[in-house]
Amino acid sequence: LREFPREAEALYEYDGSVAFDPAWHSLDQEQLDLLEKWVADEAGGLIVFSGPVHTQSWTQLPNMDKIRALYPVDFEQRLSLLDDGRFGSTEPWPVEFNRAGMEAEFLWLADTATESSRLWSEFPGVYGYFAVRGAKPTATVYAHFSDPRAVGAEGPPVYMAGQFYGAGRVFYLGSGEMWRLRSVDKTELEAFYTKLIRHVSGARLLSGSSRGTL
């Protein structure tokens, strides 16, 4: 898309949206309201990546309340953001999955948990993350950034988290580095995105169906 949709009919054609370090502050209020309504009321699936280019710019703006509400993490609310963009490390750090992450089939890189765990263990990791205050009470954390030097008062930095927002689902990643999975095998990258997009879009795909889920 050359620009974000302005009309409901245009946005509602989509089941999911993937936003890499998005410049949310470049959208007008009508577009922001439309996005929030698409997720909350129309069960849209949203995957959001933090990054070093735009994330710092919009997280502190007062008119971004609806966008901040979509995210399963709370951002630091302060003027100095010097510690919030920790990118460009000289060495990779593995993505450290907790129990919820290991049991989440939509994050598996293979058909079984054992094989998926092996493949993730071969992944060297990521070089950065965007520091947040922590996960929201309604969110589920799936993985952390594993560099022990990055551990703060709230524990290790959140790298993957998700939440329901109204009828929709939102999944957060602390940086846009999943392309590095190609160092293991390009099929792992395809598996990651395919399963994740299906997961967040699942509620919308079921809307209008006689089948239900709890």
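What follows is calculated from the coordinates using simple rules that are stated; it is not laboratory data. If you're wondering where the values come from, they're calculated on a predicted model, not measured in any experiment. Here the Cβ is made from the backbone with ideal geometry for all residues, glycine too, and neighbour counts use every protein chain on show.
The shape of region 90-155 comes out oblate: with a ≥ b ≥ c from the C-alpha gyration tensor, a/c is at least 1.5 while a/b does not beat b/c.
Please give the peptides 156-167, 18-29 ranked by average Cβ packing (other Cβ atoms within 10 Å per residue), highest first, as a rough proxy for protection.
Listed from highest to lowest mean packing, they are 156-167, 18-29.
For residue 14 and residue 113, the difference between the fully extended length at 0.36 nm per residue and the C-alpha to C-alpha distance is 32.6 nm. The sum of -39500 (n - 2.57) across all DSSP H runs of n ≥ 4, divided by the residue count of the chain, sets its helix-only mean residue ellipticity at 222 nm to -8500 deg cm²/dmol.
About its Cα centre, how strong a charge dipole does the chain have in debye, to the nearest 20, once Lys and Arg get +1 and Asp and Glu get -1 at the Cβ?
For this selection, approximately 260 debye.
Please identify the GluC sites (Glu not before Pro) of region 1-41 that satisfy two criteria: DSSP loop assignment and at most 10 other Cβ atoms within 10 Å. Which are they?
Those that pass, being in a loop and sparsely packed, are 3, 7, 13.
Peptides 177-187, 140-150, 123-133, ordered by how many other C-beta atoms sit within 10 Å of their residues on average, highest first, read 123-133, 140-150, 177-187. Checked against a 26 Å cut-off, the cross-linked pairs 136/195; 37/136; 37/186 give Cα-Cα distances beyond that limit for 37/186. Note on residue 23 and residue 182: the model spin-label points, each 7 Å out from Cα along the C-beta direction, lie 2.4 nm apart.
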